[in-house]
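Shown next, in structure tokens, is the structure this report addresses.
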Amino acid sequence: MKLPNILLTGTPGVGKTTLGKELASRSGLKYVNVGDLAQEGQLYDGYDEEYGCPILDEDRVVDELENEMREGGVIVDYHGCDFFPERWFHIVFVLRTDNSILYKRLETRGYNEKKLQDNIQCEIFQVLYEEARASYREEIVHQLPSNEPEQLEDNINQISKWIEQWVKDHNS
Ligand code: DAT
């Protein structure tokens, strides 16, 4: 059976992991968190002193995921999207969260002031939305509000319906 690949992207804290895991458990698709994958495989290429975090080795991440992506049925979660092959994804969702809400979520994570401000700016300037639009066909890039639990539920329902329809259309 053919299954679609879905990209969930957006600023850290917008709810990609929450949505991705729930969606995977309801749809049977596989959830891949690129941050975790990189950590497990140490897919890094140096260290960013300014942000105090390792730098992702994008080529190795792509190599690592290639076979699964070719098989299909993968939900990918990452706060970046311009280095994945365009052909991988059938649909791209950019989650969006209001600044004050996002600020509280990131504060809870214990981010320092610089990291907090940078991420809030990232959301204000819709960096990930622009990146997604520059990297994928406009028709497959969608924004989803992610401020409250009701919206999470709506997003899960909408995407689940989209998956069902995609599966019907590609397996008949
Ligand atoms: P990300 O994976 O984008 O970094 P997350 O899934 O870890 O984000 O979510 C960050 C926090 O926000 C976490 O405590 C769960 C909460 N959250 C996510 N989506 C939400 C929603 N729609 N409504 C309320 N809280 C949400």
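When residues of region 104-127 are filtered for being closer than 23 Å to Glu153 by Cβ and more than 10 Å from the ligand (Cβ to nearest atom), how many remain?
Number of matching residues: 1.
Which ones in region 37-94 are under 22 Å from Arg26 (Cβ atoms), in a loop (DSSP other than H, G, I, E, B) and in contact with a strand residue (DSSP E or B) (Cβ under 8 Å, 6 or more places away or on another chain)?
Gly73, Tyr78, Phe89, His90
Conditions tested, residue by residue: (1) hydrophobic (A, V, I, L, M, F, W, C); (2) under 29 Å from Asp169 (Cβ atoms); (3) at pLDDT 95 or above.
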site: Ile6; (1), (2), (3): yes, yes, yes
site: Gly10; (1), (2), (3): no, yes, yes
site: Gly15; (1), (2), (3): no, yes, yes
site: Leu19; (1), (2), (3): yes, yes, yes
site: Leu23; (1), (2), (3): yes, yes, yes
site: Leu29; (1), (2), (3): yes, yes, yes
site: Tyr44; (1), (2), (3): no, no, yes
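Quick one: how many residues across region 94-111 are open to solvent by 10 Å² or more (accessible area, probe 1.4 Å) and either closer than 24 Å to Leu43 by Cβ or at pLDDT below 95 (or both)?
3
Kindly indicate whether Gln126 is on the phi > 0 side of the Ramachandran plot and either of a type in the set (D, E, K, R) or at pLDDT 95 or above (or both).
yes
What are the residue pairs meeting all of these: first residue in region 8-29, first residue among the acidic types (Asp, Glu), second residue near the ligand (Cβ under 7 Å from one of its atoms), Cβ atoms under 8 Å, and 6 or more apart or on different chains?
Here the result reads Glu22/Leu152, each pair linking region 8-29 to a residue that is near the ligand (Cβ under 7 Å from one of its atoms).
Could you grab the pairs with beta carbons closer than 6 Å, sequence gap of 6+ or different chains, first residue in region 161-172 and among the hydrophobic types (A, V, I, L, M, F, W, C), second one open to solvent by less than 100 Å² (accessible area, probe 1.4 Å)?
Cβ pairs passing all conditions: Ile163/Ser27; Trp166/Pro4.
Can you name the residue in region 135-157 that is part of a helix (DSSP H, G or I) and loosely packed, with under 13 Cβ neighbours inside 10 Å and is also nearest to the ligand (Cβ to nearest atom) among such residues?
The residue in question is Pro149.
What is the residue count in region 19-36 for residues that are in a helix (DSSP H, G or I), open to solvent by 80 Å² or more (accessible area, probe 1.4 Å) and either away from the ligand (no atom under 11 Å from the Cβ) or among the β-branched types (Val, Ile, Thr) (or both)?
2
List the pairs whose first member sits in region 115-143 and is within 24 Å of His90 (Cα to Cα), whose second member is of a type in the set (Gly, Ala, Ser), and whose Cβ atoms are under 6 Å apart, counting only residues at least 6 apart or on separate chains?
From residues that are within 24 Å of His90 (Cα to Cα), the pairs are Leu128/Gly10; Val141/Ala132.
Hey, can you tell me all the residues within region 115-155 that are among the basic types (Lys, Arg) and more than 16 Å from the chain's Cα centre (by Cα)?
Narrowing region 115-155 to residues among the basic types (Lys, Arg): 115, 133, 137.
Selection gives Lys115, Arg137.
Can you spot a residue in region 38-46 that is more than 13 Å from the chain's Cα centre (by Cα), within 16 Å of the ligand (Cβ to nearest atom), crowded, with 17+ Cβ neighbours inside 10 Å and not acidic (Asp, Glu)? So that I can check it myself, show each step before the final result.
Residues of region 38-46 more than 13 Å from the chain's Cα centre (by Cα): 38-46.
From the residues that got through so far, the ones that are within 16 Å of the ligand (Cβ to nearest atom) too are 38-39.
Among the residues that remain, those that are also crowded, with 17+ Cβ neighbours inside 10 Å are: 38.
Next, from what is left, pick out any that are not acidic (Asp, Glu): 38.
Yes: region 38-46 contains one or more residues that are more than 13 Å from the chain's Cα centre (by Cα), within 16 Å of the ligand (Cβ to nearest atom), crowded, with 17+ Cβ neighbours inside 10 Å and not acidic (Asp, Glu).
The values are calculated or read from the model by the stated rules, or taken from the named source; none is laboratory data. Given the structure is predicted, the values throughout are model-derived calculations rather than measurements. Cβ: placed from backbone, ideal geometry, glycine included. Neighbour counts: every protein chain shown. Protein only, heavy atoms only, side chains kept; ligands, DNA and RNA dropped before computing areas. Shrake-Rupley method; radii C 1.70, N 1.55, O 1.52, S 1.80 Å.
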